[in-house]
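The values are calculated or read from the model by the stated rules, or taken from the named source; none is laboratory data. Note that the coordinates shown come from a computational prediction; the quantities given were computed from them, not determined experimentally. All Cβ positions, glycine included, derive from the backbone under ideal geometry; neighbour counts span all protein chains shown. Ligands, DNA and RNA are excluded from the accessible area calculation, which covers all protein heavy atoms including side chains. Shrake-Rupley method; radii C 1.70, N 1.55, O 1.52, S 1.80 Å.
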Amino acid sequence: SSAIKQSILDKLMVEVEANLGTAMTYTLFEYAKDNKEVFMENQPVNTVTSVSNNISTGTPDVPPSKKKEKKEQLSKSQKRKLADKTDNKGELPRGWNWVDVIK
């Protein structure tokens, strides 16, 4: 709720003013982590359960749209060149990109 958020912000602002002039990002996160029970003591529990009920039903609000991806169309000559480069499994032969260092 907005009242809980405001109380958390007020408590964090007190901590900010206490650490003014120092690097305090890590300090603020640690303070919030250490005092999360104090921050959430007035938080109603039923809002969390309603979220978990929505997750458990598994009904998405927006249906995902599936788009068919077009496969690349190769000409016969392109297919032939590809087949000449690869073995019967469609893989390039071992060492096809090796460089001759010693001749």
* Considering only region 14-29, state which residues are surrounded by fewer than 11 Cβ atoms within 10 Å (Cβ to Cβ), in a helix (DSSP H, G or I) and under 30 Å from the mean Cα position of the chain (by Cα). => Thr25, Tyr26, Phe29
* To do: Determine, yes or no, whether Asn97 is touching a helix residue (DSSP H, G or I) at 6+ places or on another chain (Cβ under 8 Å), in a loop (DSSP other than H, G, I, E, B), open to solvent by 80 Å² or more (accessible area, probe 1.4 Å) and at pLDDT below 85.
  => no
* Members of region 50-89 found to be modelled with pLDDT of 70 or more and within 34 Å of the chain's Cα centre (by Cα), listed by number -> Lys66, Lys67, Lys68, Glu69, Lys70, Lys71, Glu72, Gln73
